[in-house]
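This report concerns only the one structure given below.
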Amino acid sequence: MKIVSRAVVAVFLSLLACAGCAGAADYYVSDRGKDSNPGTAAKPWRSLAKVDASRFAPGDRVLLEGGQTFDGNLVLDERSNANPQQPITIGSFGKGRAVIHAGLGTGILVRNIGGIVIRDLIVAGDDASKNQGFGIEVLNERGTAKLDFIRIENVDASQFRWAGIYVGGAPTIMQSFEALPGSRYGFRDVQISHSTVHHNMYGGILISGPWNRVPGGYANEDVTIRDSVVHDNFGDPHYIHHSGDGILLDDTDGGLIERCTAYHNGGADESSKGGPVGIWADAANRIKIQFCESYANHTGGKHDGGGFDLDGGVSNSIVQYNYSHDNDGPGFLVWNYSHAAHPFAHNVIRYNLSENDARKHRDVIEFGSSGQPIDHIEFYNNTVFATKRKDGAPHVVWILGEKDNTNVRLWNNLFISDGARPLIEIEKNQTGVLFQGNAYWTQGEPFVVSYQGKEYHDLARWRAQTGQETLDGKEVGVFANPDLSRMGMGETLAGLQLLSALASYHLLPASPLIDAGLDLHAKFGVDVGSHDLWETPIPQGRAFDIGAFEAPGKGLIKPRTASRNGPRGPGHAQRKQTGTTVAYDTIVDFVCREFPLRPMAKLQYSACAVSHQGVRPS
């Protein structure tokens, strides 16, 4: 490894600090100040009203004293001037985070301007049942073009009527909001990180824009939500559609949700038209959800309340390396609703774990449509454990729809149930579904599959009469005890540990599932990635294993070097690594670690954003 001298680092930091910051000023707000003051560190302002009445230039920072509470509502709009190279920052200084006490209104409103950083703040309403605003609302009200560069970092938002954090165009997904004529767009290059959003009514974190039934682009682009926790966003009992979501990425092209935790969301909603989900995407393209935990989310109505969901017009997206448990609804839902503005196709759900989901509803994994059929869905190497309720056990997998869904493939999954209800239910009109290479286990209960209106009570008969669990004329799939380390333990990580810390669902050395999986790349050209849920390289032995866990092996096959980020192909293009040097990367890692929040220049932000991806900014 090359050693970076302090002199080189100093030069690098000085270049970052100087880039584009000429003429920028810091404005301080403290309860020891006066609004007649110039806003310097020695003579700070006192109120948010003074901030609202001021105009700011590129690179300016508005800093509230940490540990103090400021009553009011902070507004930053197009009267100020910022850009991605010289963002305006709203944050804290001194010890701890400042608190914005928003009362019945919105805590921070950013309107019709990009190039904004919001960091190190606590934003609180009086009471979500009385408040009428958002915690942080970043709004492109005019919406004639996308605005660039939004960063929200290390904030806490709670007790608001609508979303704790909202970014996008006019949020017509919610009642009482209308878009201006010609308004269509929101924001591009958005990052929300290291934030906690809780005890809001409508939802936690929401990215959206003006509802549009006509295909033709997306409101938002390149949105990242990472290392954040959303909980106890309870939903609105009077709202006619879904509410109580944890994280919803809607109307977006290019999105990433990773290392996030959603729990105890929903439950107060009572809508008959839709319910909440812990983490999900809707009307979106090229979305990736990974390394997240979603658990104990609820619904007060008849729908949803699940862990993860790709819904209504999502395409070219992937849900991988996630853990869902103890939710009212499905652990993983794949659904296309009627009137979706975009096609629903080419989505992948792989190397995930579901335990004890569907506490209220009938299925743990659900594929279906009430509109146009879903198409080209790959569901592989997942582990699913469905457990009994008072009214019996839910289905492990349910596939339904008003029309015949096409090219739905389930490979190398481990399906376990401890109840007598059919493991799998495939409705009569669903002919475009294929099961191959899966393992089934019922813990002493009989094997039952309901397939197009007929029940099959053993795997061999189902295989022989339907062609399921066959490949190239040979029998595949197995009904057998998987021989796991343990299961049903209700492990909860809550963002405090990596998913690799899970001790359950490991295949023991004698498991019949070891080396029993199909080679999906060889058979079907599928890029399966480079590791399992526990980040163990795959494969470990003579072949791939069944389920989300790859048992340690002797390395008889060299693990594939396929992308860990997702399958290549339409909608899954990978960035090329060009021009990266050890010295540059080492410097960037040092800067991002030691100076993570100072908005010195676009260079630092772009470098820090990609430093963990091994990609040098162009």
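Between Ser500 and Asp404, how many nm apart are label points set 7 Å from Cα along the C-beta direction?
Label at Ser500, label at Asp404, 4.5 nm between them.
Over all directions, what mean area does the Cα convex hull of the range 369-428 project, stated in square nanometres? Can you show the working numbers first?
Details: hull surface 18.5 nm².
About 4.6 nm², averaged over all directions.
Give me the accessible area per residue for the range 248-336, probe 1.4 Å, as a whole number in Å². Each step should come with its number before you reach the end.
Working: 1720 Å² over 89 residues.
With the other protein chains kept in place, the range 248-336 gives 19 Å² per residue.
Add +1 for every Lys or Arg and -1 for every Asp or Glu among the other residues with Cβ under 9 Å from the Cβ of Gly432, and state the total.
On the way: positive: none; negative: Asp375, Asp404.
Around Gly432, the surrounding residues sum to -2.
How high is the relative contact order of the range 128-186, in percent, counting Cα pairs under 8 Å that sit 6 or more residues apart?
Values: 104 pairs, mean separation 27.3, N = 59.
46 percent.
Could you work out what % of the accessible surface of the range 398-459 is carbon and sulfur, using a 1.4 angstrom probe and leaving DNA, RNA and ligands out of the count?
Solvent-exposed carbon and sulfur of the range 398-459 make up 47 percent of the total.
Taking the alpha-carbon distance from Lys34 and a cut-off under 17 Å, which aspartates and glutamates remain once sequence neighbours fewer than 8 residues away in the same chain are dropped?
Counting by Cα, and skipping residues close in sequence, Lys34 has these aspartates and glutamates nearby: Asp26, Asp52, Glu65, Asp71.
Could you report the range 398-493's accessible area per residue, 1.4 Å probe, as an integer in Å²? Please report the intermediate quantities before stating the final value.
Values: 4020 Å² over 96 residues.
With the other protein chains kept in place, the range 398-493 gives 42 Å² per residue.
Students often get this wrong, so check it: of Lys360/Lys403; Lys146/Lys288; Lys428/Lys523, which have C-alpha atoms separated by over 24 Å? Numbers along the way, then the final one.
Working: Lys360/Lys403 26 Å; Lys146/Lys288 21 Å; Lys428/Lys523 28 Å.
Long pairs (Cα-Cα over 24 Å): Lys360/Lys403; Lys428/Lys523.
Specify whether the C-alpha gyration tensor of the range 184-266 places it in the rounded, prolate or oblate class, a ≥ b ≥ c being the square roots of the eigenvalues: rounded for a/c under 1.5, otherwise prolate if a/b is larger than b/c and oblate if not.
On the way: a/c = 2.79, a/b = 1.24, b/c = 2.25.
Verdict is oblate for the range 184-266.
Quick check for you: with a 1.4 Å probe and neighbouring chains kept, what is the accessible area per residue of the range 50-163, in Å²? Present the calculation step by step, with values, prior to reporting the outcome.
Numbers: 3710 Å² over 114 residues.
Result: 33 Å² per residue.
Would you rank Glu78, Glu178 by solvent-accessible area, highest first, keeping every protein chain in place and using a 1.4 Å probe? Walk me through the numbers on the way to the answer.
Values: Glu78 70, Glu178 165 Å².
Per-residue accessible area, sorted high to low, gives Glu178, Glu78.
Rounded, prolate or oblate: which one fits the range 232-321, using the alpha carbon gyration tensor with axes a ≥ b ≥ c (rounded when a/c is under 1.5, else prolate when a/b beats b/c, else oblate)?
Details: a/c = 2.49, a/b = 1.50, b/c = 1.66.
Verdict is oblate for the range 232-321.
If you take every residue apart from Arg461 with its C-beta less than 15 Å away from the C-beta of Arg461, what net charge results, scoring Lys and Arg +1 and Asp and Glu -1?
Working: positive: Lys454, Arg463; negative: Glu455, Asp458, Glu469, Glu475.
Net local charge, Arg461 excluded: -2.
First check a/c for the range 128-230, with a ≥ b ≥ c the square roots of the eigenvalues of its C-alpha gyration tensor; if it is under 1.5, answer rounded, and if not, answer prolate when a/b is larger than b/c or oblate otherwise. Kindly include the intermediate steps, with their values, before the conclusion.
Values: a/c = 2.29, a/b = 1.32, b/c = 1.74.
In terms of gyration-tensor shape, oblate.
Report the extension gain between Ala510 and Asn481 in nm, rounded to one decimal, defined as 0.36 nm multiplied by the number of residues separating them, less their alpha carbon distance.
Numbers: separation 29, 0.36 × 29 = 10.44 nm, distance 1.04 nm.
Full-extension gain reported as 9.4 nm.
Add +1 for every Lys or Arg and -1 for every Asp or Glu among the other residues with Cβ under 13 Å from the Cβ of Leu74, and state the total. Show your work: numbers first, answer last.
Values: positive: Lys50, Arg111; negative: Asp52, Asp71, Asp77, Glu137.
Surrounding charge for Leu74 is -2.
The values are calculated or read from the model by the stated rules, or taken from the named source; none is laboratory data. The structure presented is a predicted model; accordingly, all values stated were derived computationally and were not measured. A quick note on method: Cβ atoms are made from the backbone with ideal geometry, for glycine too, and the neighbour counts reach across all protein chains shown. These area figures cover heavy atoms from the full protein model, side chains too; ligands, DNA and RNA do not enter into them. Shrake-Rupley method; radii C 1.70, N 1.55, O 1.52, S 1.80 Å.
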